[in-house]
Amino acid sequence: MLCHESKTAGRQRGFTLLELLLAIAVFALLAQGTSQLVAAVLQTDTVRQPQAAELRALGRAMSVMQRDALQGYWHAGKAKGSGHGVTLEKHRVSWVLGAERDSQPLPRSDLRVVEYWLAEGVLWRQRRGLENGQGQPQRLLEGVVELRWRMHAAGV
């Protein structure tokens, strides 16, 4: 038994050249597959980014419109066809907004008018006071192809 142990003790342990080449080849194939996967993910992300930006812009526009609608002063006048204070044209709509709290002690009307319109593929919004009529137009959403307005009111 002593002889047998001395024979194995004299042998060197390690990898052969063939085993090393095989391991390098396997790792190279894995690296190539991984790089192709990463390239595909990056390409998909590049295509997705503009779509995500458009969805965020649409979400912001819808949020602003919802806030304006919730602040609307929806009182139907006594005259027939008064339309709840809404002016509706082909590519333009406006309505009266209720009071907004601010710190100015000056006497003025609390009512505002908000107006939306479509011009050359851009949805615009403008909010102005009833007294001075001034307001800065706001570019709300770009790339709008068509715009339709529909109003639903109880009892109409």
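Tabulated data
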| read-out | value |
| --- | --- |
| Förster radius 30 Å - calculated FRET efficiency between Ala52 and Val86 (Cβ-Cβ, nearest 0.05) | 0.35 |
| Pairwise label distance in nanometres, Glu142 with Leu18, each label 7 Å out on the Cα-Cβ vector | 6.5 nm |
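Every read-out reported here was derived from the displayed coordinates using simple, explicitly stated rules and does not represent laboratory data. On a predicted model such as this, the values are computed, not experimentally measured, just so you know. FYI the Cβ positions are ideal-geometry reconstructions off the backbone, even for glycines, and counts take in every protein chain you see.
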